[in-house]
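Here the structure comes first, spelled out in structure tokens, and everything after it is commentary.
The values are calculated or read from the model by the stated rules, or taken from the named source; none is laboratory data. Nothing here was measured: the structure is a model prediction, and the numbers come from that model. Cβ coordinates were reconstructed from backbone atoms using ideal geometry, including for glycine residues, and neighbour counts include every protein chain displayed.
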């Protein structure tokens, strides 16, 4: 079966959806006669066709990325040129250009959709493309989602419940096993930033809520480390300076290996404030390292992964006070900390990369 995955961007661009597209392409390509190629936009500059880890990647030229969306005319020409070579189109939502191209050129082509989240920020864009999104959702044989909460909270998916299949994302748990090298690196991180250490990881963008974590740091006796890059970096650095937290809150660029940082921290926090945060793979990664979690109630998969008062705390978004209170509870109550830690390590066993790929493979085989 030849499948064309269609998404905004692809590795080496770093993002949650891009990671999933890569896992599917590399994990299923050549498996049970699957041939999976990828069509995306270049984040800047010209058209490119390349092979990455055995996956053929078509990159349409673009004018750059605006509000998280690549601007490309070439995408439509490239889609029209290659879609006939595939049995199935696999669209990742939200990506309006992909859904528009499907409507224009391939209405009769078999279709499946991975629905990652509603469009939250680009409301005007969403209104314009709504008819094409609805067309594709009606046409799709199946709609894959990462968690059941998304089906209930999505403006679109409530109408297509019968088509939705929940397949949780997963991670390779073997990579997260503690060893002497990780121990050494984690000790170096502790010595560099200090302890106790509160960790958060993610793109420095509007929906991550890092400003509330920084505000919370004023009321917590700990060091805070945020790992990420993005447009809000300068704004967040200014906030840290204005609050006189430069010796307490640190922001560093993405690192190649996060595992020692997870082990170095005492608490992992995901302070997101919008439903754009639909799953939170970083939560799984922190759980694999035995870390208690603090996340926010968004009505998405984050509260499905992090069970309140079982693997950590789920608190109100945009509330620095409750965020600080939850962090303080975990830093001052070792029994509670250990209880959440044990539960996290047990629960994460259900979220393996192998399970994710196997379930998706079975669904794709059964569909066709």
>> Against the conditions (1) modelled with pLDDT of 95 or more; (2) assigned by TED's automatic domain parsing to the domain that holds residue 357; (3) touching a strand residue (DSSP E or B) at 6+ places or on another chain (Cβ under 9 Å), where does residue 116 fall short? Just the number, please.
In response: (1)
>> Go through (1) loosely packed, with under 15 Cβ neighbours inside 10 Å; (2) touching a helix residue (DSSP H, G or I) at 6+ places or on another chain (Cβ under 7 Å) for residue 334 and report which single condition fails.
In response: (2)
>> Condition first: closer than 16 Å to residue 218 by Cα and exposed (fewer than 11 other Cβ atoms within 10 Å of the Cβ). Now tell me which residues in the range 247-257 satisfy that.
In response: 247
> For residue 260, all conditions in the list (1) touching a residue at least 60 places away in the same chain (Cβ under 8 Å); (2) more than 26 Å from residue 279 (Cβ to Cβ); (3) surrounded by 18 or more Cβ atoms within 10 Å (Cβ to Cβ) hold save one; what is the number of the exception?
Replying inline: (2)
> Which residues, counting only those in the range 197-211, are crowded, with 24+ Cβ neighbours inside 10 Å and assigned to a helix (DSSP H, G or I)?
Replying inline: 210
>> I'm trying to understand the selection: among the residues of the range 88-117, which are touching a residue at least 60 places away in the same chain (Cβ under 8 Å) and surrounded by fewer than 20 Cβ atoms within 10 Å (Cβ to Cβ)?
In response: 88, 110
> Can you tell me which of 271, 253 is closer than 27 Å to residue 95 by Cβ and free of Cβ contacts under 8 Å to residues at least 60 places away in the same chain?
Replying inline: 253
> Regarding residue 186, is this residue within 19 Å of residue 298 (Cβ to Cβ), crowded, with 20+ Cβ neighbours inside 10 Å and in contact with a helix residue (DSSP H, G or I) (Cβ under 7 Å, 6 or more places away or on another chain)?
Replying inline: no
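Looking at the range 8-37, which of the residues that are buried (at least 24 other Cβ atoms within 10 Å of the Cβ) and either within 24 Å of residue 368 (Cα to Cα) or outside the structural domain of residue 90 (by TED's automatic domain parsing) (or both) is nearest to the chain's Cα centre (by Cα)? Explain how you work it out, then say what you get.
Of the range 8-37, the ones buried (at least 24 other Cβ atoms within 10 Å of the Cβ) are 8, 10, 21, 24-25, 36.
Going one step further and asking which of them are either within 24 Å of residue 368 (Cα to Cα) or outside the structural domain of residue 90 (by TED's automatic domain parsing) (or both), we end up with 21, 24-25, 36.
Values: 21: 11, 24: 14, 25: 16, 36: 21 Å.
Only one residue tops the list, namely 21.
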> For residue 305, are the conditions met, namely being in the same structural domain as residue 193 (by TED's automatic domain parsing), closer than 25 Å to residue 16 by Cα and buried (at least 24 other Cβ atoms within 10 Å of the Cβ)?
Replying inline: yes
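Given the structure, is residue 215 under 18 Å from residue 295 (Cα atoms), surrounded by fewer than 23 Cβ atoms within 10 Å (Cβ to Cβ) and either more than 23 Å from the chain's Cα centre (by Cα) or free of Cβ contacts under 8 Å to residues at least 60 places away in the same chain (or both)? Don't jump to the end; show me each part of the working.
Working: under 18 Å from residue 295 (Cα atoms): yes; surrounded by fewer than 23 Cβ atoms within 10 Å (Cβ to Cβ): yes; either more than 23 Å from the chain's Cα centre (by Cα) or free of Cβ contacts under 8 Å to residues at least 60 places away in the same chain (or both): yes.
Yes.
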> Residues of the range 237-256 being over 12 Å from residue 211 (Cα atoms) and part of a loop (DSSP other than H, G, I, E, B), which ones?
Replying inline: 244, 245, 246, 247, 248, 253, 254, 255, 256
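Listed here are the residues, each with its yes/no results for (1) modelled with pLDDT under 95; (2) surrounded by fewer than 16 Cβ atoms within 10 Å (Cβ to Cβ); (3) in contact with a strand residue (DSSP E or B) (Cβ under 7 Å, 6 or more places away or on another chain).
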| site | (1), (2), (3) |
| --- | --- |
| 58 | no, no, yes |
| 66 | yes, yes, no |
| 69 | yes, no, no |
| 72 | yes, no, yes |
| 75 | no, no, yes |
| 82 | no, yes, yes |
| 86 | no, no, yes |
> In the range 344-368, what count of residues is obtained for those that are farther than 17 Å from residue 26 by Cα and surrounded by 19 or more Cβ atoms within 10 Å (Cβ to Cβ)?
Replying inline: 3
